[in-house]
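Notes for the one structure printed next.
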Amino acid sequence: MSQSGAGAIVIQGARVFDGEAFLEGTPDVVIEGGVITAVGAGAASRLHTGSGTVADGVEVVDATGHTLTPGFIDAHVHLMVQNIGGLDTILKPFSLPFYESVGYMERTLRAGITTARDAGGADLGLKTAQATGLVAGPRLRISVNIIGQTGGHGDHMLPSGLEMPLFGPHPGIPSGVADGPDEVRKATRMMFRAGADQIKICTTGGVLSPTDDPRHSQMTLDEIRAVVAEAEAQESYVLAHAQGAAGIRNAILGGVRSIEHGIYLDDETIQLMLDHDVALVPTLVAPLSVLRTSESGRTMNERVLAKAVAVVEIHKAAISRAVSAGVRVVFGTDTGVGTHGENLAEFALLAECGMSLEGVLTAATSASAQLVAPDLKLGRVAQEHVADLVLLDRELTSTADLTDIDQAVTAVFQDGARVL
Ligand SMILES: [Zn+2]
């Protein structure tokens, strides 16, 4: 921290959500060296000169009428793909997705997502490109490829015998199709060898996979336990794509840390989530995105489309029940199924499931930080925390203010640098 305050940024006049609650009044937020160094009424005064004016080199941001929040953390994205489900992806040149992902990364950051957990597809190259400043984007936690059984949600072999090249395999993305405890253990080790921060498995079918059913279980409890044990040996953890109740149950009993989607959650699995303190990442926007991709006129697999139509209302009802039971919800969107940069559209959908304004914002900040990157000081507007911050062009006071919130982002700071 420099005595003179040179290089410091002071944000003044905003309503501040600190990661759990709104603070009283409009406290100053001081950023120095990429870190939040002070929050509070008059906190900027220590950067003043004796005569009361701000010291040279201090940037003052007048955020009157705005809301300041921690940078948002999307716990479920796929940054190597966009608007998936169209059959035309089969014609894409092999390396094109690497170039396309640069734009997806930038749009995601400009949407206010300063950290993201990629749930399959992003490799260590993309993570490294962001971390070294080569590519602008959210700081990444990668899963590399999805581990699941033959014919399961992570197996993109079509009945024709052709494979939809969604996420490899290629040297950066080993195949995740594996059967039996020995094979899934080896697949887990291969993901870590390729740079995985955490492991993604599929314990049920899904919407976008060509021949399975989201209600059916995939992977046995023995297989899930083998993956979880291997991940824990590497001080990591497992997230599970889990839609049907039986597969959600297996995932929880097997020891996963978060359930992704949770479309067919029932009373028993909701209670299990509470008993085991497992997080729920609803991704309500995902099936809606599949429908929108189809409406845009692209050729889709009809079975995929029918599944997306079938789950929308069921999904909402299940998440509403989980919310009222008090399950810990974390913000995640499955963006990549839809269009990158529209991530915050999930906020209004979470509110429709009964979450409060503070609940939605907590899910997208401190709760997501705790799940995705508990080792970093993210997700809070508080002293000594990383200066990842978002300014929204309105004073948030109720869930009605979340409508079109993805249009409201006016400034984004990452590691203390203004990136929008
Ligand atoms: Zn996903």
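The values are calculated or read from the model by the stated rules, or taken from the named source; none is laboratory data. It should be emphasised that the depicted structure is a prediction, and the values quoted were computed from it without experimental measurement. Cβ: placed from backbone, ideal geometry, glycine included. Neighbour counts: every protein chain shown.
Just one of the listed residues (GLY332, GLY297) is surrounded by fewer than 23 Cβ atoms within 10 Å (Cβ to Cβ) and in the same structural domain as SER209 (by TED's automatic domain parsing), namely GLY297.
Could you please let me know if ALA382 is within 12 Å of the chain's Cα centre (by Cα), touching a residue at least 60 places away in the same chain (Cβ under 8 Å) and surrounded by fewer than 24 Cβ atoms within 10 Å (Cβ to Cβ)? Answer is no for this residue. For region 81-104, the set of residues classified as of a type in the set (Ser, Thr, Tyr) and more than 19 Å from LEU158 (Cβ to Cβ) consists of SER95, TYR99, SER101, TYR104, listed by residue number.
The set of residues in region 339-379 that are crowded, with 24+ Cβ neighbours inside 10 Å, in a loop (DSSP other than H, G, I, E, B) and within 16 Å of the ligand (Cβ to nearest atom) comprises HIS340, ASN343. Say whether the condition of being within 14 Å of the ligand (Cβ to nearest atom), closer than 29 Å to LYS307 by Cα and more than 19 Å from the chain's Cα centre (by Cα) is met by at least one residue in region 225-241. Checked region 225-241: no residue is within 14 Å of the ligand (Cβ to nearest atom), closer than 29 Å to LYS307 by Cα and more than 19 Å from the chain's Cα centre (by Cα).
Residue-by-condition table, conditions (1) surrounded by fewer than 17 Cβ atoms within 10 Å (Cβ to Cβ); (2) in contact with a Pro (Cβ under 9 Å, 6 or more places away or on another chain):
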| site | (1), (2) |
| --- | --- |
| MET157 | yes, yes |
| GLY161 | yes, no |
| PRO169 | yes, no |
| MET191 | no, yes |
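Here LEU402 clears all of (1) closer than 15 Å to ARG117 by Cα; (2) touching a helix residue (DSSP H, G or I) at 6+ places or on another chain (Cβ under 8 Å) except the condition numbered (1).
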